[in-house]
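Encoded as structure tokens, the structure appears first; notes follow it.
The values are calculated or read from the model by the stated rules, or taken from the named source; none is laboratory data. Being a predicted model, the structure only gives us computed values, none of them experimental. Heads up, the Cβs are rebuilt from the backbone with ideal geometry, glycines too, and the neighbour counts pull from every protein chain shown.
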Amino acid sequence: MADERFEPKIIAFLCNWCSYRAADLAGTARIKYEPNIRMLRVMCSGRVDPSFVLKAFALGADGVMIAGCHPGECHYLEQNYKTMRRFSMLKHTLQAMGMEDDRVRLQWASAAEGVLLAGAINEMIEQVRALGPLDWPKNWSENGNIEEAIEQLVEEHAEAMEVPV
Amino acid sequence: MSEKGVLALYWAASCGGCEIAVLGINEKILDVAAAFDIVFWPCVLDGKVRDIEKMDDKSIDLCFFNGAIRTSEQEYMARLMRQKSKVLVAFGSCAQEGCIPGLANATTKEAIFQTAYHDTPSTVNPDGIRPQTETEVAEGTLYLPFFYETVKTLGQTVDVDYYLPGCPPEPERIWDAIVAILENKLPAPGSVIGAETTVCDDCPRTRDEKKIKEFKRTWEIVPDPDICLLEQGLVCCGIATRAGCGALCPTVGSPCIGCYGPNEGVEDFGARMMTALASVIDSDDPEEIDRIIHEGIPDPIGTFYRFSLAHSELRRIALPANGGSDAKLETAESA
Ligand code: FES
């Protein structure tokens, strides 16, 4: 097959009360979005611990979206403001880790905004596709030929350590 | 097997502080010597690796292994001690979570060599010589261990039975662990021998849900003696950190930097800190929030992962060969 297109894997955490319903609405209204997104429903965007996002990347995700109710409309009052602050903290840290900004996205979408959410999903997929695969675990798998070095050590011990009589 | 237990202590990428901490149990070291034959302790006793190699597998009852794994020789020793020991304890922060040696994961092997062998003002190296893993001399070939791109924890290298946290572990906690081992009152394998509360639980300061508009560096304020340091704007890691130290630092007005590692149930220390700090920022305006965070936390890796970068979900920064931007690496090097 010529020219295989990179198909990114994007994990999305959607809050139960707004964004997940927006995704449902997009479905019932037959609004199409690309299939690269894997959605996980959480009760509130405030449930998304930064470790969920980090773990997604550590397991090989190419991008992560967090979606919740618009500020002021969270069903647990203030929680999405916490999400906003955590997201800023997370993004700042990911930048320091050398990750591109477009790989994480915070998206507000109300239950009525199926079109908006589908558009945001498609846009993010395009951006991540343009960035290419992330493959984060590869960053720590390149430690060189450890086994060979260790075998060398064992041989060396065998040769060098016995005191000649 | 002798009637006494058989004990080994080993060090890999570490500073030696853990060895001093063991001696910090003072005269109780004599009780340890009464209960165990110490067969290997390179810092304190003469001993040879070849003698350990010749021992039967599992013939060491207990091995305290401190230090992270950053060379092939350390990896070899980790595997050897695992093979020869019944119970292997990751002793101290380096073995448990990478600690300060693990901060090498915020840069690259190349940058470390460049700094160590060329750039430091005290380096005189006109021929630009770097250590080689193999060197031919008249007598034959000399070998040096292989230096890793990414520092690993002991648990990322071999199976670990228990973790004893701390940089270094407090002598009282070391003694508690030794007693637990002698009396066979150990927790489930794979767990941390230590408290399940946080440094905040031991901290005498009062907390009253106050929010802040900016983070402060320690030199910018003289903190109030009674109020939570975090609520005074200092980035205190007590909330994410396991108790065990007795809240030494916050008690005397210095914020906790997290040397006792993540509390029970905290998988990624930095993520826990991000969540905690997000809760104290007094702003709902995205731009203001960004400003507070960028100005207040100029070094998020050093702040959130000072002790746990190697053990964190992401383990290290992106390598340039793998999409990591060079611009980022320059900041990492200059920091
Ligand atoms: S319930 Fe939707 S963000 Fe909180």
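Residue-wise test of (1) within 17 Å of the chain's Cα centre (by Cα); (2) closer than 18 Å to residue B:313 by Cβ.
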position	(1), (2)
A:53	yes, yes
A:61	yes, yes
A:73	no, no
A:80	no, no
A:88	yes, no
A:105	yes, no
A:112	no, no
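Could we say that residue B:21 is farther than 29 Å from residue B:310 by Cβ, of a type in the set (Gly, Ala, Ser) and out of contact with any strand residue (DSSP E or B) (no Cβ under 6 Å at 6 or more places or on another chain) here? In short, no.
Of the residues that sit in region B:134-148 and are touching a helix residue (DSSP H, G or I) at 6+ places or on another chain (Cβ under 7 Å) and surrounded by fewer than 20 Cβ atoms within 10 Å (Cβ to Cβ), which one is farthest from the other protein chains (Cβ to nearest Cβ)? Once the filter is applied, the top-ranked residue is B:147. The criterion of being within 25 Å of residue B:311 (Cβ to Cβ), of a type in the set (Gly, Ala, Ser) and surrounded by fewer than 18 Cβ atoms within 10 Å (Cβ to Cβ) does not hold for residue B:195. Hey, any hits in region A:116-125 for a residue that's exposed (fewer than 15 other Cβ atoms within 10 Å of the Cβ), more than 8 Å from every other protein chain (Cβ to nearest Cβ) and over 19 Å from the mean Cα position of the chain (by Cα)? Taking every residue of region A:116-125 in turn, none turns out to be exposed (fewer than 15 other Cβ atoms within 10 Å of the Cβ), more than 8 Å from every other protein chain (Cβ to nearest Cβ) and over 19 Å from the mean Cα position of the chain (by Cα).
Checking the conditions here, which among B:290, B:284 is facing chain A (nearest Cβ under 7 Å) and outside any helix (DSSP H, G or I)?
Step by step, each of B:290, B:284 is checked, and only B:284 is facing chain A (nearest Cβ under 7 Å) and outside any helix (DSSP H, G or I).
What about residue A:66, is it buried (at least 18 other Cβ atoms within 10 Å of the Cβ) and either within 16 Å of the ligand (Cβ to nearest atom) or polar (S, T, N, Q) (or both)? For residue A:66, the condition - buried (at least 18 other Cβ atoms within 10 Å of the Cβ) and either within 16 Å of the ligand (Cβ to nearest atom) or polar (S, T, N, Q) (or both) - is met. Quick one: would you say residue A:102 is acidic (Asp, Glu) and either at pLDDT below 95 or away from the ligand (no atom under 16 Å from the Cβ) (or both)? Considered against the rule, which asks whether it is acidic (Asp, Glu) and either at pLDDT below 95 or away from the ligand (no atom under 16 Å from the Cβ) (or both), residue A:102 comes out as yes. Screening the candidates B:321, B:271, B:310 for the property of being within 13 Å of chain A (Cβ to nearest Cβ), surrounded by fewer than 21 Cβ atoms within 10 Å (Cβ to Cβ) and either in contact with a Ser or Thr (Cβ under 9 Å, 6 or more places away or on another chain) or modelled with pLDDT under 95 (or both) yields one hit, B:321. So how many residues does region B:72-88 have that are surrounded by fewer than 24 Cβ atoms within 10 Å (Cβ to Cβ) and part of a strand (DSSP E or B)? Counting residues in region B:72-88 that are surrounded by fewer than 24 Cβ atoms within 10 Å (Cβ to Cβ) and part of a strand (DSSP E or B) gives 2. Here residue B:155 meets each of (1) over 24 Å from residue B:36 (Cα atoms); (2) assigned to a loop (DSSP other than H, G, I, E, B); (3) modelled with pLDDT under 95 with one exception, condition (3).
The number of residues in region A:72-91 being more than 8 Å from the ligand (Cβ to nearest atom) and modelled with pLDDT of 95 or more comes to 10. Just one of the listed residues (A:98, A:144, A:132) is facing another protein chain (nearest Cβ under 9 Å), under 30 Å from residue B:269 (Cα atoms), surrounded by fewer than 19 Cβ atoms within 10 Å (Cβ to Cβ) and touching a Ser or Thr at 6+ places or on another chain (Cβ under 9 Å), namely A:144.
Number of residues in region A:10-30 that are in contact with a helix residue (DSSP H, G or I) (Cβ under 9 Å, 6 or more places away or on another chain) and more than 16 Å from the ligand (Cβ to nearest atom) equals 6.
Here residue B:279 clears all of (1) more than 14 Å from every other protein chain (Cβ to nearest Cβ); (2) among the polar types (S, T, N, Q); (3) free of Cβ contacts under 8 Å to residues at least 40 places away in the same chain except the condition numbered (1).
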